[in-house]
Each structure stands twice: as structure tokens, then as C-alpha cells.
Amino acid sequence: MNLKLETINFEIIENVAIIRLNRPNSYNSLNAKMAKELLEISYECDTNKKIRAIILTGEGDKAFCAGGDLKSFDETGNVAKHLKMVTHDLHGAITKFSRMNSPLIVAVNGVAAGAGLSFVGFADLAIATSSATFVSAYTKAGLTPDGSSSYYLPRIIGIRKYLELVMTNKVLSSEEALTWGLLNYIYDDKNFWNETLKLADNLSKGPTLAYGKTKRLIHNSLNSTLETQMELETKMISESAETNDGQNGIQAFLKKEKPRFEGK
């Protein structure tokens, strides 16, 4: 691995990849460079066999991600053209993260606004500090959502709730976000990172291929008939039974032992 990154800190600890948005003085807002680096990192996470779980979080204690860096966008002189280029890279990265086998945990450690809120949507699991806040913010600047926001979030929280977020720019606390279904867990600020690592470590020891197939089942179910979906379930579970993890898992279950998964 030889990634030269300016806006993101990236490391692999055992089988867990940790992605830290690293523009804390700008509230980890997303600029063109960060979008391009996220795309590069997504390919690394998708192809590096060592990586079996991923954490996406923000550096500093002010924000997780405050959305797009509108100041840098405006300075280009052609915001519309620039946004097409930025979203091309960002959306490419989101597609990779959404489709890869390794589960993605978004760990919100502060303000999640705009694209930061979108990241909560495409994550497989979303957790936050008790002090984190969530806001759409797009229409406040006369803009529309991006970053898969209009795809994932209405399916997670419902169309009416999503439109409320986008149209009123309502700010949600962590407790409200949990109640709305945006989050899986909330942890106090002191224990947040330890709990995040513990969750990622547990996932990294799981049946990675089965995780990936489950994600594909869910994506397909959004536009599938019952019969088509069940046929795909048949295909996925039979394929899973042929993997090393599947065979080891079945035998461990029958012998009442703890399975040992290797992502193969």
C-alpha cells in the first residue's frame, strides 16, 4: 500500500481499515481533493484482502464532516462544473463502499451535515457520540442533496421524515437520530472510540463473503419482486454453503463450537 494522501488519514490495524477525514480546521468539509482520495481509498479497501472491516470517522473533536466545502467550490469560478467533477469521484467511492464485502461502520464524532449526513446513509452500521448532531443543510444553501442521500436515507427513515430534514434543515441530536433509525448505537464521548474499535474488530472476524452477499441481497430487494428476491436468496445461500467459512460455520454449529471465519 502506497497511498499519498493530503486530506485523509488512513491506516490498517490488523484487519480493520480506519479512514479519518482530516481537515479539522474546516470541520472536515469535503473538497475536490478529499473526494478523489476517498475514491482511491475505496479501491484499496475493495482489493486489499487483509481488510475485513472499515471505520469512517473524522479527525478532531469539532465535526465528523460538515458537508461540502462551499468556499473552495465558489473559488473555482464555475461551481456547477466543479460540482459535477467532485460528485463524480464521491459517488464512485460510495458505490465501491456500498458494494464491497467488508462492512463499513460510520463513526460520527461531531457534526454530520450535508455530505456528512449522506455518509450515515450508505454505511452498513452507523454509530455516534452522545454529543453528535445531524442536519441536511443542502437547501439552506439553495442546493439539493448528493452523496446517495436521496437513495439511502428515505429508505432508512421514510420519505416524510427525509423531506422534513431536507426542507426544514432540522438539527437532530444523537438521541433523536437513534429514535428516527439513523443510528445503530450511541456511546458517550469518553468510551466512543473503544466501542467503535470493538465493533469493527468483531465484524472483522466474521464471515466476510456472507456479509457481502447479504449487502447485495438488500440492494437487490429494493427493486425486486418477491419471487425474484427469493430466487436470489437461494443462489446466495447455496453459494455461501460452498465457501470455507460456510462449511466451517455449519460444522461448528453442529458441534456446538465457536466458528473461526477467515473471509474465504
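The values are calculated or read from the model by the stated rules, or taken from the named source; none is laboratory data. Here the structure is a predicted model, which means the values were calculated and not measured. We place every Cβ from the backbone using ideal geometry, glycine too, and count neighbours over all the protein chains shown.
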### Query
Out of (1) in a helix (DSSP H, G or I); (2) within 22 Å of L125 (Cβ to Cβ); (3) out of contact with any Lys or Arg (no Cβ under 6 Å at 6 or more places or on another chain), what's the single condition that is false for M236?
(3)
### Task
Give the number of residues within the range 7-59 that are among the charged types (D, E, K, R), under 18 Å from G147 (Cα atoms) and in a helix (DSSP H, G or I).
4
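Here's the yes/no breakdown for (1) at pLDDT 95 or above; (2) acidic (D, E):
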site	(1), (2)
M34	yes, no
L39	yes, no
E59	yes, yes
K62	no, no
L104	yes, no
A112	yes, no
G116	yes, no
### Task
Output the number of the condition that E75 fails; it satisfies all remaining conditions of (1) touching a Gly at 6+ places or on another chain (Cβ under 8 Å); (2) free of Cβ contacts under 8 Å to residues at least 40 places away in the same chain.
(1)
### Task
Kindly indicate whether V111 is over 16 Å from the mean Cα position of the chain (by Cα) and within 25 Å of D188 (Cα to Cα).
no
## Note on the structure
Flagged in the range 60-86 as outside any helix (DSSP H, G or I) and either of a type outside the set (D, E, K, R) or farther than 22 Å from A177 by Cα (or both), in numbering order, are G60, A63, F64, C65, A66, G67, G68, D69, E75, T76, G77, N78
### Summary
Inside the range 239-264, the number of residues satisfying the requirement of being surrounded by 12 or more Cβ atoms within 10 Å (Cβ to Cβ), part of a helix (DSSP H, G or I) and among the charged types (D, E, K, R) is 2
### Query
Exactly one of (1) in contact (Cβ under 8 Å) with a residue 24 or more places away in the chain; (2) surrounded by fewer than 18 Cβ atoms within 10 Å (Cβ to Cβ) is unmet by L30. Its number?
(2)
### Summary
All-but-one check, S131 against (1) touching a residue at least 24 places away in the same chain (Cβ under 8 Å); (2) polar (S, T, N, Q); (3) outside any loop (DSSP other than H, G, I, E, B), failing number (3)
### Task
Being in contact (Cβ under 8 Å) with a residue 40 or more places away in the chain and aliphatic (A, V, I, L, M) is the filter here, so list the residues in the range 216-245 that pass it.
L222
### Message
Condition first: more than 19 Å from the chain's Cα centre (by Cα), farther than 15 Å from A66 by Cβ and surrounded by 15 or more Cβ atoms within 10 Å (Cβ to Cβ). Now tell me which residues in the range 132-164 satisfy that.
### Response
K161, E164
#### Entry: Among the candidates T168, T196, residue that is assigned by TED's automatic domain parsing to the domain that holds K96, closer than 29 Å to L117 by Cα and more than 23 Å from the chain's Cα centre (by Cα)
T168
### Message
Considering only residues that are over 14 Å from T133 (Cα atoms) and either in contact (Cβ under 8 Å) with a residue 60 or more places away in the chain or touching a helix residue (DSSP H, G or I) at 6+ places or on another chain (Cβ under 7 Å) (or both), which ones fall in the range 160-180?
### Response
K161, Y162, V166, M167
### Task
State whether the residues of the range 87-108 include one that is buried (at least 24 other Cβ atoms within 10 Å of the Cβ), part of a helix (DSSP H, G or I), touching a Gly at 6+ places or on another chain (Cβ under 9 Å) and not aliphatic (A, V, I, L, M).
no
#### Entry: Single match in E175, E239 (criterion: of a type in the set (D, E) and either in the same structural domain as K49 (by TED's automatic domain parsing) or touching a Cys at 6+ places or on another chain (Cβ under 8 Å) (or both))
E175
